[in-house]
Amino acid sequence: MAETTKPRPVTMDKLVSLCKRRGFIFQSSEIYGGLGGAWDYGPLGVELKRNIKDAWWRAIVQERDDMVGLDAAILMNPRTWEASGHVQHFTDPMIDCRACKRRFRADDVEGETCPSCGAKGQLTEARMFNLMFKTFVGPVEEEAAVVYLRPETAQGIFVNFQNVLTTSRKKLPFGIAQVGKAFRNEITPGNFTFRSREF
Ligand SMILES: [Zn+2]
C-alpha cells in the first residue's frame, strides 16, 4: 500500500505567493512599498481575467435576447449617490486610537483596549465613515466640485435606463449588464483580492 502523505494546508499566504511567482497577481506599486487594497494583474493574470470577463459577457449578454450591455463612466454626477443613499448610508462605524493614530472598524474592537498598540482608554467613540472615494472635478477643491469614484457599477445602469429603453428596442422584462471597476475606501482591506479598494 502506498504511503499516505499528509496533505499540506493551502493558506492564503501560500496562494498569494504562488500567484506572484506564476505572474498572476502582484501587489500594486510593490517597489515603493505597495499600496494596501490594490493589486496588479501580471501577464497570466490579465489573460485569466479577460477570459472570465469574456465568458461572462458571452453567456450573459451576447447569447441572450433579453440582455444588453453598457459601459458607463466611473465618475458620475454626485446627485446619483445622494439619490441612491450612498452619501448618507454607505458608511461603517469607525473607532480611532488616540495613542497610535490607527483606525478600526467598530466591530473589530472589543472593550477599551486598542487592538493594535494595546493602549487602554485611548479609543474614540464610534463615528460613521463613508466608504466612497472622494475627489474633485476641475481645478478648485471645493464642496461644489466633489465627485466620487463609483462604489458599484449598478448606478450607471439605473441612470441610463431610459436611454437604453428608447434605443435598444427592448420590452420589459430585460436586463442591462456592465463590467468595470469600482472603488471602496475599505478601512481594513484584506483577504488578498477579496476585500480590495479598487476592484
Ligand atoms: Zn492604538
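Just to be sure, is Leu75 away from the ligand (no atom under 16 Å from the Cβ), farther than 25 Å from Tyr148 by Cβ and either hydroxyl-bearing (Ser, Thr, Tyr) or open to solvent by 70 Å² or more (accessible area, probe 1.4 Å) (or both)? No, not satisfied. Let me confirm something: among Ala99, Ala83, Ala144, Ala55, which residue is within 16 Å of the ligand (Cβ to nearest atom), of a type outside the set (D, E, K, R) and more than 20 Å from the chain's Cα centre (by Cα)? Residue meeting the stated conditions: Ala99. Among residues of region 51-73 that are of a type in the set (Asp, Glu), those with a Cβ under 8 angstrom from a residue that is assigned to a loop (DSSP other than H, G, I, E, B) and open to solvent by 100 Å² or more (accessible area, probe 1.4 Å), sequence gap 6+ or separate chain, pair up as Asp66/Pro173. So which residues in region 179-199 are in a strand (DSSP E or B) and in contact with a Phe, Trp or Tyr (Cβ under 9 Å, 6 or more places away or on another chain), if there are any at all? Result: Phe183, Glu198. When you scan region 157-178, do you find a residue that is of a type in the set (Val, Ile, Thr) and in a loop (DSSP other than H, G, I, E, B), even just one? The answer is no, given that none of the residues of region 157-178 is of a type in the set (Val, Ile, Thr) and in a loop (DSSP other than H, G, I, E, B).
Starting from residues that are of a type in the set (Val, Ile, Thr) and away from the ligand (no atom under 16 Å from the Cβ), keep the ones in region 107-141 and report whichever is nearest to Ile187 (Cα to Cα).
Within region 107-141, the first condition is being of a type in the set (Val, Ile, Thr), and the residues that meet it are 109, 113, 124, 135, 137, 140.
Within this subset, residues satisfying the condition of being away from the ligand (no atom under 16 Å from the Cβ) are 135, 137, 140.
Numbers: Thr135: 18, Val137: 24, Val140: 27 Å.
Within region 107-141, the match that is nearest to Ile187 (Cα to Cα) is Thr135.
Whenever a residue of region 113-130 is within 12 Å of Asp96 (Cβ to Cβ), its partners that are outside any loop (DSSP other than H, G, I, E, B) and within 8 Å of the ligand (Cβ to nearest atom), lying with C-beta atoms within less than 6 angstrom and at least six residues away or across chains, give the pairs Cys114/Cys97; Gln122/Cys97; Leu123/Cys97.
Look at Val46 and say whether it is at pLDDT 95 or above, more than 30 Å from Lys120 (Cβ to Cβ) and of a type in the set (A, V, I, L, M). Steps first, please.
Working: at pLDDT 95 or above: yes; more than 30 Å from Lys120 (Cβ to Cβ): yes; of a type in the set (A, V, I, L, M): yes.
For Val46, the condition - at pLDDT 95 or above, more than 30 Å from Lys120 (Cβ to Cβ) and of a type in the set (A, V, I, L, M) - is met.
Screening Gly85 against (1) free of Cβ contacts under 8 Å to residues at least 60 places away in the same chain; (2) within 24 Å of Phe158 (Cα to Cα); (3) surrounded by 11 or more Cβ atoms within 10 Å (Cβ to Cβ) leaves a single unmet condition, (3). A single member of Ala106, Ala145 is open to solvent by less than 60 Å² (accessible area, probe 1.4 Å), touching a strand residue (DSSP E or B) at 6+ places or on another chain (Cβ under 8 Å), among the small types (Gly, Ala, Ser) and not assigned by TED's automatic domain parsing to the domain that holds Ala177, and it is Ala106. Of Phe90, Phe104, all but one fail to be in contact with a Pro (Cβ under 8 Å, 6 or more places away or on another chain), among the aromatic types (Phe, Trp, Tyr), within 16 Å of the ligand (Cβ to nearest atom) and in contact (Cβ under 8 Å) with a residue 12 or more places away in the chain; the exception is Phe104. Only one of the numbered conditions (1) open to solvent by 50 Å² or more (accessible area, probe 1.4 Å); (2) in contact with a Pro (Cβ under 6 Å, 6 or more places away or on another chain) is not met by Gly36, and that is (1).
The values are calculated or read from the model by the stated rules, or taken from the named source; none is laboratory data. Here the structure is a predicted model, which means the values were calculated and not measured. Using ideal geometry, Cβ is built from the backbone for each residue, glycine included, and neighbour counts are taken over all protein chains shown. Side chains are part of the model used for accessible areas, which takes the heavy atoms of the whole protein and leaves out ligands, DNA and RNA. Shrake-Rupley method; radii C 1.70, N 1.55, O 1.52, S 1.80 Å.
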